[in-house]
Amino acid sequence: MSLHEEVELLRRIPLFARIEPSKLKLLAFTSERLAYKAGDVLFRQGDPGDSAYIIVEGEAEILVNTADGPLRVAVVRKNDFVGEIAILCDVPRTATVAAITGLTTLRISKELFFRLTAEFPQMAVEIMRVLGQRLERTTADLREATARLRQAGIS
Amino acid sequence: MEHSLYKFIIKYSLRQQIILTILALTSFIPYYYYLSMPKTIVNQGIAGKGVTYPVDLFGLHIVSLNAESYLLVLCFGFLLLVIVQQCFKYAINVFQGISGERMLRRLRYELYSRVLRFPQPTFKKMSAGEIIPMITAEVEPLGGFIADSFALPIFQGGMLLTTFIFLIVQNPIMAIAAVSLYPFQFWVIPKLQRIVNRLGKERVKTARQLADRIHESISGVQEIHTHDASNRFKSEFTRRLGKIYWIRYEIFQRKFMIKFINNFLQQLGPFFFYSIGGYLVIKGQLDLGQVIAAVTAHKEMGAPWKELLNHYQQREDARIKYDQVVSQFAPDGMREEADQTTEPAEPVSLVGEVQFAGVSYADETGAHVLENFSLTLDMPRHVALVGGSGREEIALLMARLIEPVRGKVSIAGQNLGQLPEAVTGRRLAYVGPAGYVFNSTIGDNLLFSLRHRALKSVARDAEAERRFRREMVEAQASGNSLEDYDADFTDYAAAGATDSDSLREAMIRALKLVQLDEDIYQLGLRGSVDPARAPDAAARILEARAALKGKMHDDAYADLIEDWHAERYNRNATVAENLMFGLPIGDKFAPDRLAENAYMLEVLEKAGLKTRFLAVGYDVASTMVELFADLPPDHEFFQQFSFISSEELPDYQEIVNQVSADKVDQLDAAKRNRLMSLPFKLIVARHRLGHIDDEFQEAVLQARKLFAEGLPEKLRSAVAFFDPEHYTLGGSILDNILFGKIAYGQAQAAEKIGRLVRTLIDELDLRDIVIEVGLAYETGIAGARLSGAQRQKVVLARAILKRPDLIILNEAISGYDNVTQAQLLAALREEFKDRGLVWALHNPHLADGFDRVVLIENGRVVEQGTYEELTREGRPLARLLAGN
C-alpha cells in the first residue's frame, strides 16, 4: 500500500478525520504498519508501554489476567485504538491484546502520539470521547455486576 | 637510571663513542693535507716556485711531468683528498646516527618500563598527558645529541686545532690574530647561555602542562559541553600558550644575540688577514699563496667553531631535558626491574592464610589510611569486607597493587613484597570497580590474563628468521625486551586447557559465568567470517542457510523473510541492494557514494533509469521537505525515518524551491547528484512512497543484469554478489544464514526469526563458530564499542579465566541491577567454591552467606565473624544494615 492510499485510509478513521493531510502523511510515514497472525500478541499486561495501536484490519481481543486465567473483556475492530492508557498515564500495560484473526495495525510511538494530540486538539477531544465511552461502559458493567452479586445475595 | 646524561652515555655507548673518536682523529690526517693543498697548487702548480720540470713524482723515476700535467696531478690530488675527507664524514655521520638512535631507543624503553613499575599512587599525581610527551617528544632531540656527545667536540675541536696549527705554520701572528677573540667568546657565551638554560627548563615544564591540559580537556569533553565551559577552557589555554610564547620569545632573543656576537667575531678574522696579511704581502714579507691559504683556512675554521658553539648550546639543552625527565621517572617506592623479569624456579602456590601484620599505609597526600593494621584470614574461604574507609586499600594491598609503608602482607606464608610479579600477577587476581578493556578484540582481552611470557615461538621461513634475528640484535643493542612478540604468549595450562579448542571452551565458560555469552553470541551473529580463511565455517553457515530455508515453508514463518532471488525484486531491500544484488566491499560502491560512481551511472543510463532516478529523487526530496521541514533539527524522527539528515535538509529544500519537477535537468551536476543519491536508499515495503512501482522494479532487474555483466575487471573485488550456493563475503553470519531480508510490517518478525536462527545454530553445532567471531569483535579505544556493563564483565571473565588461587574483588559488580548483582555474586562464589575469595563490598547486605564477614571502620577491624553473628540485635553491623 502506498503512502497516499494510507493517508486516505487514515482519513477514514474518525480519530484522524480532521487532521490536515500533510500531518497525516507524516503519521503514515513514521508509524509502523504491522501484520499479525491469528493468536499473535500485540503486548502483554505488565509490559512497559511505548506505543499505541490503531486497528486497520481484523479483530483483536483484550484480555485481563485473573486468578482463573486470562479473561476476555472486549473485542476491538477496524478503526479502534488500543494501548493508549499505558502511554497516556505512564503505567505498565493494563491488559494483554492478542489477534483473533489476521490483523493489521498501525503502531504509533508515544512521541508521535503526544505530538499529534498537542497539535490537534480535535484529536485529543476525540480520544477523550472514546475514553469517556469506555468509562461509561465500564461503569455500566460494574453496575450490572454489582446488581447481580446483590441478587445472588453475596453483598 | 643514571643521574647525569654523560654517565648514561658512557655506560651504554662507550664502545661506539671510542670508535667514533678514533674515526674522527684518523680523519684529521687527510684533512691537514686537504688544507695545505691549495697552497701547493698556487705556489708550486701555478706559480712554479721551487719546482724544476719535469717533476719526478715521489722520486721513483717512474712518472715525470711537465708544468701542465703537474698542475693537473695536484688538482686531482686535491679532489682525492676532498673525497677521502667526505668519506670519513659520511662514515662518522652514519655511525653516529646508529648509536644515537640506539641510545634514544634505550632511553624510551627504559622510561616506559619504569612507567610500568611506578607505584600506583604516582598516577594520581602524574597524568598520562604529562608522561606521554616526555617519552615521545621530549627525549627525541636527546638521540641526536647523544650521537654527537663525544665525537662532535673531538672532531670539530680537532678540525679547529688542525686549522690553527696550519695557520701557525703559515704565520704565527696571523694565526694568533684569527683566534684572538675566541677567549672572549668563551667567556661571554656561557653567561648568556645560563639564562637560556633557565628559560629552557621553564619551557619544558610549561609545554608538559599544556599537554596535560589537552589530555584533560579530551577526557572531560562531555562536562565541557554540558556546562558550556569551552570558552573558559580556551581562555585558559590561551594563557598557557601566551606563557610559552613569552618564554620562547626570550629564548630566541638571547639565542640570536649569541649568534650575532659569534658571527661578528668570526668576521673579524678576515679583517685581520686582509689588513695585516695584505700589508705583509705589500712589504714582501709574505707571499700571496699564504694569505689565500690563511683566508681559506680561517673560513674552514669558522664551520667547526660554529659547530662547537652549537654543540655547547645543544648540550645544555639536552642536559636539562635529561635531568627533568629522569627526575620525573624515579618516584619513591618504584619496583625493581627484577620484580617483573624474574621467573620463580618452581611454581609458588598462594593457597593459604592471608595475613596483615602491623601494616601501615599512607595515601599520596600522606594521610594514614591504615595504621598498624593486623588481620588474619583463613583460606580457602570466602570473606566479605564491609564497612567504611580502608576496605579498598586492604583489597589493593592483598593484591599487591599498592605496598605498605610499614609492616607486611603475606599469603600462605610468603611475604607479598618479596614475590615477583610472575607470582602475584598469576596466582592472584584483582577486579576493581572500573576495569580497563584494551583496544583489541574481546578474545585478546580475555586471554590477556594468560599472556605473561613468550612461550612457544612461531615457525618462520628463512627470510622471516633473518629479519627476526636482525630485530633481536638491534633490540639487544638498545637494551630492549628480547621477548619474541610473535610467539604464543598464551599459557594454556593456566586456564586448564591443552589446545585452542579447550581454551575456547574455558573462555566460553568464563563468559557464561559473568553472563556475557549471549552478548558475544549476538556480536558474533553480526560479525563476518572470511570464507577464504575459514572455509569450514562458511560451509557450515551455508548448511544453516539451507536448514532455515527448509523451515520457511512452515506457516508460522511464512512471509517473515523475503529471499534473495536473482530474477526477483526484493521489496524489503534498498534499491541499491536490489540493483547490485550484492554487498559493497570497500567504499567504491558504498551506498552514500553510488550516485557519484561512474560505472553505476553508466548502468543506469543503459537501463533507461537515469531520468527516472532523477525524477524519483526530486519527488523523494520534496516529500521529505514537506514532512520534516517544520520538525526541530534534533528530532528523533530524522534519525529514525528520514534519509535526509537535518543538516542536509535545507540544501534539498533549496533544490526543490529552485526548480519544478519537470525542470530537474536544469540543475547543476552536484545538485543532480544529490537527488540521484536518494532513490538508492528507498525500501519499497518500508517507505511506501509509491515511487518504486512494478515498471521501476522491472527496470532495476534489468540494470542488475547489466551491472553484473559489464562490471569491469578492476571493480570485481568491490562487490560480493549474492549467490545461494556461496557465503557472501563481508556479509554478517546472520545475513548469510537469512540470505534475504526480514520483512517489514510482520509483527515480531525479527524476534521469531532470531529464535529460529538460534535453534538452528544449536542444532547444527554452529555456536562455537559464532562465538569465535564474537570474540574477534574489536572493542575500540578503551573498550568504547562495548557498554560499561560489558566492559566490566570482560574484566571479570579475564580474572576467572586464569584460575587464580585467590580472587580479590573490590565492588566490581556495583554497576548492575540488584538481580544481576546477586546472580553474579552467586556464580562467582560457586566458581571459587574451593578457592579463596575476598570481596570488598559497599552494600553490606550482599555479605550474607559469606564464610566470614569483616567489618572495617576507619582502617580498623571493628569485628569479624559470620553474617549471622554480626547481624544480631545491637551489633555494629546490624546497625549499619539498619542504616542502609
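The values are calculated or read from the model by the stated rules, or taken from the named source; none is laboratory data. Given the structure is predicted, the values throughout are model-derived calculations rather than measurements. Methodologically, a virtual Cβ is constructed for each residue, glycine included, from the backbone with ideal geometry; neighbour enumeration extends over all protein chains shown. Accessible surface is based on the protein model in full, side chains and every heavy atom, while ligands, DNA and RNA are left aside. Shrake-Rupley method; radii C 1.70, N 1.55, O 1.52, S 1.80 Å.
How big is the convex hull of the Cα atoms of region B:107-236, per residue, in Å³?
Working: hull volume 20.1 nm³, N = 130.
That works out to 155 Å³ per residue.
Can you compute the charge dipole magnitude of the protein assembly as shown about its Cα centre, using +1 on each Lys and Arg Cβ and -1 on each Asp and Glu Cβ, nothing else charged? Give it in debye, rounded to the nearest 20.
Working: 120 positive and 131 negative charges, 776 e Å.
That gives a dipole near 3720 debye.
Hey, with R₀ at 41 Å, roughly what FRET efficiency would residue B:588 and residue B:472 work out to, going by the Cβ-Cβ distance, to 0.05? The partial results should precede the final answer.
Numbers: r = 42 Å, r/R0 = 1.02.
Once the sixth-power term is evaluated, E becomes 0.50.
What whole number of Å gives the distance from the Cα centroid of region A:86-100 to the Cα centroid of region B:237-279?
Taking the Cα centre of region A:86-100 as reference, the centre of region B:237-279 is 84 Å away.
Each label point is 7 Å from the Cα along the Cα-to-Cβ direction; what then is the distance between the points at residue A:66 and residue B:376, in nm?
6.8 nm
Give me the percent of Cα-Cα pairs in region B:599-664 that sit more than 19 Å apart, rounded to a whole number. Intermediate values should be presented prior to the final figure.
Values: 879 of 2145 pairs.
In whole percent, the share of Cα-Cα pairs in region B:599-664 beyond 19 Å is 41.
Between 0 and 90 degrees, rounded to the nearest ten: what's the tilt of helix B:151-170 against the longest Cα principal axis of chain B?
Tilt relative to chain B: about 20 degrees.
In debye, nearest 20: dipole of chain B around its Cα centre with unit charges on the Cβ of K, R (+) and D, E (-)? If you can, show how the numbers build up before the last one.
On the way: 99 positive and 110 negative charges, 891 e Å.
Dipole magnitude for chain B comes out near 4280 debye.
Working from Cα positions, state the angle (0 to 90°, nearest 10) between the long axis of helix B:749-763 and the longest principal axis of chain B.
Once rounded, one gets 80 degrees.
Tally Lys/Arg at +1 and Asp/Glu at -1 over every other residue whose Cβ is under 14 Å from the Cβ of residue B:14; what's the total? Display every interim value, and only then the final one.
Working: positive: B:7, B:11, B:15, B:102, B:106; negative: B:2.
Net local charge, residue B:14 excluded: +4.
For an R0 of 45 angstrom, estimate the FRET efficiency from the Cβ-Cβ distance between residue B:768 and residue B:826 and round to the nearest 0.05. Numbers along the way, then the final one.
Numbers: r = 27 Å, r/R0 = 0.59.
With R0 = 45 Å, the Cβ-Cβ based efficiency is 0.95.
Loop sites only, by DSSP: take the trypsin sites (Lys or Arg not before Pro) in chain B that have at most 12 other C-beta atoms within 10 Å and name the longest stretch containing none of them. List each step's numbers first, then the result.
Working: sites that count: B:49, B:533, B:568, B:833, B:872.
Looking at chain B, B:50-532 is the longest stretch - no exposed trypsin sites (Lys or Arg not before Pro) with at most 12 other Cβ atoms within 10 Å.
How big is the accessible area of residue B:298 in square angstrom, nearest 10, if you roll a 1.4 angstrom probe over the protein chains?
Around 10 Å² of this residue is reachable by solvent.
Please provide three numbers in whole Å: the alpha-carbon extents of region B:737-884 along the principal axes, with the largest listed first.
Result, largest extent first: 66, 36, 33 Å.
Could you tell me the relative contact order of chain B? Use alpha-carbon pairs under 8 Å, at least six residues apart, and round to a whole percent. List each step's numbers first, then the result.
Numbers: 1141 pairs, mean separation 151.9, N = 884.
Reported as a whole number, the value is 17 percent.
With all protein chains present and a 1.4 Å probe, how do B:122, B:52, B:376 order by accessible area, largest first? Display every interim value, and only then the final one.
Numbers: B:122 15, B:52 110, B:376 60 Å².
The residues order as B:52, B:376, B:122, largest area first.
Once the convex hull of the C-alpha atoms of region B:392-517 is built, how many Å³ does it hold per residue, rounded to a whole number? Provide the component values of the computation, followed by the final result.
Values: hull volume 21.7 nm³, N = 126.
Given the Cα convex hull of region B:392-517, per-residue volume reads 172 Å³.
Could you point to the residue in B:156, B:221, B:170 farthest towards the positive end of region B:154-234's charge dipole, with +1 and -1 charges on the Cβ of Lys/Arg and Asp/Glu respectively?
Sorting the options by dipole projection puts first B:170.
Classify chain B as rounded, prolate or oblate, taking a ≥ b ≥ c as the square roots of the eigenvalues of its Cα gyration tensor: rounded when a/c is under 1.5, otherwise prolate if a/b is larger than b/c and oblate if not. Provide the component values of the computation, followed by the final result.
Working: a/c = 2.35, a/b = 1.43, b/c = 1.65.
It is oblate, given that a/c is not under 1.5 and a/b is not larger than b/c.
Please give the solvent-accessible surface of residue B:563 in Å², to the nearest 10, using a probe radius of 1.4 Å with every protein chain present.
60 Å²
In degrees from 0 to 90, rounded to the nearest 10, what is the angle of the helix B:288-328 Cα long axis to the longest principal axis of chain B?
Tilt of helix B:288-328: around 30 degrees.
Out of A:134, A:33, A:18, any idea which swings most in a Gaussian network model of chain A, alpha carbons joined below 10 Å?
Checking each option, the largest mean-square fluctuation is seen for A:134.
Using just the helices of the protein assembly as shown, give the 222 nm mean residue ellipticity in deg cm²/dmol: DSSP H runs with n ≥ 4 each add -39,500 (n - 2.57), and the total is spread over all residues, rounded to 500. Numbers along the way, then the final one.
Working: 41 runs with 562 residues, N = 1039.
Rounded to the nearest 500, it is -17500 deg cm²/dmol.
Roughly what percent of Cα-Cα pairs across region B:211-305 reach past 22 Å? Mind dumping the intermediate values first?
Working: 2702 of 4465 pairs.
Value for region B:211-305: 61 percent of Cα pairs lie more than 22 Å apart.
If you average the C-alpha positions of region B:762-800 and of region A:36-84 separately, how far apart do those two centres end up, in angstrom?
When both Cα centres are located, 38 Å separates them.
Obtain the radius of gyration and the Kirkwood radius of region B:449-503 from its C-alpha atoms and give Rg over Rh. Present the calculation step by step, with values, prior to reporting the outcome.
Numbers: Rg = 13.7 Å, Rh = 12.7 Å.
Using Cα coordinates only, the ratio equals 1.09.
In debye, nearest 20: dipole of region B:161-304 around its Cα centre with unit charges on the Cβ of K, R (+) and D, E (-)? Let's see the in-between values first.
Details: 19 positive and 9 negative charges, 102 e Å.
For region B:161-304, the charge dipole is close to 480 debye.
Once the whole set of protein chains is in place, how much accessible area is left on residue A:76, using a 1.4 Å probe, in Å² to the nearest 10?
Here the accessible area works out near 10 Å².
Do any chymotrypsin sites (Phe, Trp or Tyr not before Pro) in region B:477-527 lie in a DSSP loop with no more than 13 other beta carbon atoms within 10 Å, and if so, which? Show your work: numbers first, answer last.
Working: sites: B:485, B:489, B:492, B:521; in loops: B:485, B:492.
Those that pass, being in a loop and sparsely packed, are B:485.
Which of the pairs B:588/B:671; B:681/B:714; B:610/B:681; B:408/B:793; B:7/B:125; B:205/B:259 have their Cα atoms more than 22 Å apart in this structure?
Details: B:588/B:671 20 Å; B:681/B:714 25 Å; B:610/B:681 15 Å; B:408/B:793 32 Å; B:7/B:125 29 Å; B:205/B:259 25 Å.
The pairs that break the limit, which is 22 Å between Cα atoms, are B:681/B:714; B:408/B:793; B:7/B:125; B:205/B:259.
Considering the dipole of the protein assembly as shown built from charges on the beta carbon (Lys and Arg +1, Asp and Glu -1) around the Cα centre, which of B:816, B:235, B:591 is farthest to its positive end?
Going by the charge dipole, the pick is B:235.
Remind me, relative contact order of region B:729-884 in percent, using alpha carbon pairs under 8 angstrom and six or more residues apart? If you can, show how the numbers build up before the last one.
Numbers: 88 pairs, mean separation 17.6, N = 156.
Across region B:729-884, relative contact order equals 11 percent.
Taking a temperature of 10 °C and a viscosity of 1.306 mPa s, what whole-number D in µm²/s does Stokes-Einstein yield for region B:1-160 with Rh from Kirkwood over alpha carbon pairs? Spell out each step's value before the answer.
Working: Rh = 19.6 Å.
Translational diffusion coefficient: 81 µm²/s.
Rounded to whole Å and sorted largest first, list the principal axis extents of the Cα atoms in region B:661-819.
Largest to smallest, the principal-axis extents are 76, 41, 39 Å.
Would you report the distance distribution of C-alpha pairs in region A:4-102 as whole percents per 5 angstrom bin, up to the bin with the largest distance?
Result returned by the calculation: 3, 13, 21, 22, 20, 13, 6, 2, 1, 0.
Given the alpha-carbon gyration tensor of the protein assembly as shown, what are the semi-axes of its equivalent ellipsoid in whole angstrom, ordered largest first, with each equal to the square root of 5 times an eigenvalue? Mind showing how you got there, number by number?
Working: eigenvalues 1149, 412, 178 Å².
They are 76, 45, 30 Å, listed from largest to smallest.
Please report the spacing between the Cα centers of region B:359-408 and region B:513-590 in Å, no decimals.
Their Cα centres are 54 Å away from one another.
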